[in-house]
1. Being modelled with pLDDT of 95 or more, more than 10 Å from every other protein chain (Cβ to nearest Cβ) and over 22 Å from B:LEU240 (Cα atoms) is the filter here; which residues of region B:1-33 pass it?
2. Can you tell me which of B:GLY116, B:GLY167, B:GLY177 is at positive phi and without any contact (Cβ under 8 Å) to a residue 60 or more places away in the chain?
3. Only one residue in B:ASP245, B:ASP252, B:ASP266 is within 21 Å of the chain's Cα centre (by Cα), closer than 16 Å to B:ALA200 by Cβ and in a helix (DSSP H, G or I). Which one?
4. Kindly indicate whether A:ASP209 is charged (D, E, K, R) and within 25 Å of A:LEU10 (Cβ to Cβ).
5. Can we say B:ALA270 is surrounded by fewer than 22 Cβ atoms within 10 Å (Cβ to Cβ) and among the hydrophobic types (A, V, I, L, M, F, W, C)?
6. Just checking, which of A:LEU234, A:LEU207 is more than 15 Å from A:GLY271 (Cα to Cα), away from chain B (no Cβ under 14 Å) and either crowded, with 18+ Cβ neighbours inside 10 Å or more than 17 Å from the chain's Cα centre (by Cα) (or both)?
7. For region B:43-59: of the residues being without any contact (Cβ under 8 Å) to a residue 60 or more places away in the chain and buried (at least 24 other Cβ atoms within 10 Å of the Cβ), which is farthest from the other protein chains (Cβ to nearest Cβ)?
Protein chains: 2
Amino acid sequence: MRTPAQNAELALLLEVAGTPKPGNVDRHRDLEGLRFEHFLAGTVGARDGLELAENGSAVGPAFERAIEGMAEQGGGNTQFGALLLLVPLVRAARNDLSQPIVEAVCEETTVADAAGFYRAFDHVDVFVGEPPTEMEPLDVRRGSDAIPALEDRSLTLFDVMDHSVPGDDVAREWLTGFERSFTAAERLADADGPLTDRAASVFLSLLADRPDTLVANRRGEAIAKEVTERAGELVERNALETDRDAVEAFADELVERGVNPGTTADLTAAGLFIALEREAISV
Amino acid sequence: MRTPAQNAELALLLEVAGTPKPGNVDRHRDLEGLRFEHFLAGTVGARDGLELAENGSAVGPAFERAIEGMAEQGGGNTQFGALLLLVPLVRAARNDLSQPIVEAVCEETTVADAAGFYRAFDHVDVFVGEPPTEMEPLDVRRGSDAIPALEDRSLTLFDVMDHSVPGDDVAREWLTGFERSFTAAERLADADGPLTDRAASVFLSLLADRPDTLVANRRGEAIAKEVTERAGELVERNALETDRDAVEAFADELVERGVNPGTTADLTAAGLFIALEREAISV
């Protein structure tokens, strides 16, 4: 039987292999400078950090280690957001992978966990928007330089996530007991066919539910809304079954426009992990 | 820096992601009942066995553990041959990943290692041809039931590999100091472009060099020879650069005919590992 860390690795691999996953690297698409192989190497590199979480390490240090390993490839940030979801989920799976348990894991994080999170930014460039002026000393782009400010204000990692909502739907999972991740897991279990097809279908449904926050931060809310509406139309008419070419064309168009719904991919990976770990899906 | 076990995992992933890889599962092709996701799960499952080898465990037990984990997915045998090459290579990498060292690792295997190899067949169905009558008690398909016969004859794992040549080009690597695996690594380093493209190109060149022994055992030597000659024509006219459609068509044709050059894929994975481990290629 696979361990939680192994299921997390497999979830990352199945997520990137799902196709068509409009706008993102998938089994059939590479982006300029960010290719399928970078995600494979990122997954292998994240392993030690995932094992730390499985073995009971605190969330912050396990996350930092996962990011340090993930970043040892030439594509840059491949799975930062996905790992920010997977590390607490793996930690929860030691006990029981339920919403209340993962909620408790997040709420019990400390200032030291927040420091680990900030140190993770020293290893890789992650796209984030400008913080409000009063939060400038805590800008994550400062990496470990922001740790004294963090300590001054006694902010835990949960507090940091709390400050990131709204505007970051990965952080939102931390505040809502991983609501959308668990929904994704249910949808994966209810879907039919190979897991890579299910991953693509659940990705599209998540994209239709809410505008992707990475797209909103990078390209503006209007584009994020447009993408969600178009995903909604495709889901509405069950296009993956009835008109796959339309989904493939949408996927190609977003890649060409450089519109990458990365947050939705992170949620898909989290859903895959939950469904694998609960044996609601199998390979 | 990735450990040898991590590089072995990455080699397995890059191998299956290489495309077009005529006749095999690749980034763009699934076979009936054997899909891309089975190779992803097989890779994740093989991890513990690869770590045993990295930590100095004997080859036989590490191999058995790798196969046991690999087999925990519904596709059946995904990477048996590749792991039979990777486990001694990972073991050698503890010291120095050179031909003489891996040769020594193989020559120093014991009867207990051979028993581990036979036990691996208890975990998964592997296609092998009929053995000659005098070898019937040692038919690998007997799995652990053959261990007493093995012990009676004091056969080491190296001896077992020696008895498997000719007719098995994975075993042949054990006898030749992994000659073709090291050649593959050099070709990977000399090639250009993303590693998944290089993997496809080196796969085709290896297929052109010698008939694939899995194809020969399953489908007969005439078909194995035909496939190698056609691969040779494609390599000769540099078709991956000048006429990619011809290689894609050849790949589709072999998949349709159920002709799967699995031994050549195993050698490609071994070459990827060597090249990664020696930092002759990078992701």
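1. B:PRO4
2. None of the others qualify; the one that does is B:GLY167.
3. Testing whether each residue is within 21 Å of the chain's Cα centre (by Cα), closer than 16 Å to B:ALA200 by Cβ and in a helix (DSSP H, G or I) leaves just B:ASP266.
4. yes
5. On the way: surrounded by fewer than 22 Cβ atoms within 10 Å (Cβ to Cβ): no; among the hydrophobic types (A, V, I, L, M, F, W, C): yes.
Against the criterion (surrounded by fewer than 22 Cβ atoms within 10 Å (Cβ to Cβ) and among the hydrophobic types (A, V, I, L, M, F, W, C)), B:ALA270 does not qualify.
6. Answer to the selection: A:LEU234.
7. B:ALA53
Condition check ((1) part of a loop (DSSP other than H, G, I, E, B); (2) crowded, with 23+ Cβ neighbours inside 10 Å; (3) more than 14 Å from chain A (Cβ to nearest Cβ)) across all residues:
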{"residue": "B:GLU37", "(1), (2), (3)": "no, yes, no"}
{"residue": "B:ALA41", "(1), (2), (3)": "no, yes, no"}
{"residue": "B:LEU97", "(1), (2), (3)": "yes, no, yes"}
{"residue": "B:GLU103", "(1), (2), (3)": "no, no, yes"}
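The values are calculated or read from the model by the stated rules, or taken from the named source; none is laboratory data. For clarity, every value in this text was computed on a predicted model and none was experimentally measured. FYI the Cβ positions are ideal-geometry reconstructions off the backbone, even for glycines, and counts take in every protein chain you see.
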